[in-house]
1. Under a plain spin-label model, where a point goes 7 Å from the Cα along Cα-to-Cβ, how far apart in nm are M320 and E11?
2. Out of the range 246-347, which GluC sites (Glu not before Pro) are coil in DSSP terms and have no more than 15 other C-beta atoms within 10 Å?
3. If you count, for each residue, the other Cβ atoms within 10 Å and average over each peptide, how do 246-254, 314-322 line up from highest to lowest?
4. Under 5 Å between amide hydrogens, which residues at least 5 positions from A72 or on another chain qualify, with H placed 1.01 Å from N in the peptide plane?
5. If a/c stays under 1.5 just call it rounded; otherwise compare a/b with b/c (prolate if a/b is bigger, oblate if not). Do that for the range 94-168, with a ≥ b ≥ c from the square roots of the Cα gyration tensor eigenvalues.
6. Counting only the heavy atoms of the protein chains, how much of K356 is accessible to a 1.4 Å probe, in Å² to the nearest 10?
7. Less than 12 Å apart at the alpha-carbon level, and either on another chain or at least 8 residues along: which aspartates and glutamates does that give for K356?
8. Apply the a/c threshold of 1.5 to the C-alpha gyration tensor of the chain and tell me whether it is rounded, prolate or oblate.
Amino acid sequence: MIKTHVKTSSEYDVITGSGILDSVGSLIRERDSKITKALVVSETNVAPLYLDRVMASIKAAGIEAVELIYEAGEQSKNINTIVNMWNKMAENGFTRTDLLVALGGGVTGDMGGFAASAFLRGIKVCQIPTSLLAMVDASVGGKTGIDIPAGKNQVGAFWQPMLVLEDTDCLKTLPDETFTEGMAEVIKYACIMDTKLYDLLVEKKDQGIKIREDAELMEQIVGMCVKDKDYVIEEDEFDNGLRQTLNFGHTIGHVIERNSNFSLPHGVCVAKGMGIIIDCAVAKGTLEKDEADKMLDLIKAYSLPIDDAITPEDSVSGAMNDKKKRGNTISLIVVNKIGKADIVKMTPDELLSFLKKESK
Ligand code: GLY
C-alpha cells in the first residue's frame, strides 16, 4: 500500500493499493468523526461491480449511506445529473458535515466533486477512482466540472477531496480499451517529469498492456504517478504555471477528441497529441530525433497511436477555442528532453508554423 499526503490548500491522503474498497468506511471515519450521512454516486457500469461493497463498508462505520446511480457515459456529465445529486442529498436531510463519495472513473469524479463543491456552499468529497486514468490523474488535484454545449469541462470548480482511495484491484475489471487510454496519462508523466517511471515503462514495454496483470507493478506505477501529480499540484494548485505541463498532448488531443464527437477515448487523443508535438519538436530542432523515437516507441508499445490526420489549420482553430487559452495565446507543452517539459506561449500564427514544421 502506498500513501501520498497531498499538501494543497486543504490536505489529504491518497491511498493506493489492493483491496482498499472494503476499508472505505473506516478510512473515512478515521479522518472525520462528524460525518453522519454519505451519498455514494456511481454509474451503470461501475455500480454493479463495486457499489454494494462500498455501501456495506460505509454503513459498517456507522455512516448512513444512500446511493445515486446515473447512466454511464460523457452524455450524463451535465447539470441535470448534478441537480439529481443535490436533490438526493436535500431529500435525505444532508447537512454541511456530511459527505459525497464518488465511485467510478473520471466523469463520476468530476461530477461528484462539482456537486460537493456547491451543495450547501461546499461539503466534503471522497474520491474512489476505478479507472487507471482517474487513479493517476483526475481524482487527485481537485479539478471538478461538467460539460455544457459550448464544451467539455467548461463549468466547474477547484474542490480538493478529503480523501482519495485507489483500489488497484479495480484495474482488473477494466475493458482493455479503458486501461489502454489510462496508459497515455502514465506515459505523459514519464515524458514530462519522471525518468524513473520512464525507465520502468521501457523495461516492461514488451509486456504492453499485459502489465495490468501484475498487481504489484500496477500499484508501483499508479503510486509513482500520484506522487508526480502531488508534486505538481503542491507547487501550482490553481493551474497558473507548472500544473499546465500536465497538458502535454492535451492541446491538440482535445481538438481531436472534439472533432471525433467524443467517439475516440480521451487517452487515445492525448497519445495522438503527444505524438504530434514530439514530431514537430524534432522538426523545430529542439528535440533530438533519437529521444523522440524512444518516446514514440514507448507510446506505441502500450497500444496507443502517435498520429492523426488532423491538419495544422484545424488544430490551431480548435486549440484557440480551448478553455485553457489565455488572451490570444496558448501555452503549448513541449518535451525537449525525456523527463522535462517546457511551457511555450504561442500565438495562433506561431502554433500554425510549429505544427507545419516550418522553421528550425
Ligand atoms: N488533469 C490535469 C490537471 O489536473 O491539471
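1. 4.6 nm
2. E288
3. Those peptides, ordered most packed to least, come out 246-254, 314-322.
4. T44, N45
5. The shape class here is oblate.
6. For K356, the solvent-accessible surface is approximately 90 Å².
7. Result set, ordered by chain and number: D279, E313, D314.
8. Cα axes put the chain in the prolate bin.
The values are calculated or read from the model by the stated rules, or taken from the named source; none is laboratory data. This is a predicted model, so every value here is computed, not measured. No Cβ is skipped: glycine too gets one built from the backbone with ideal geometry, and neighbour counts run over all protein chains shown. Each accessible area value is taken on the protein alone, full model and side chains, heavy atoms only, with ligands, DNA and RNA left out. Shrake-Rupley method; radii C 1.70, N 1.55, O 1.52, S 1.80 Å.
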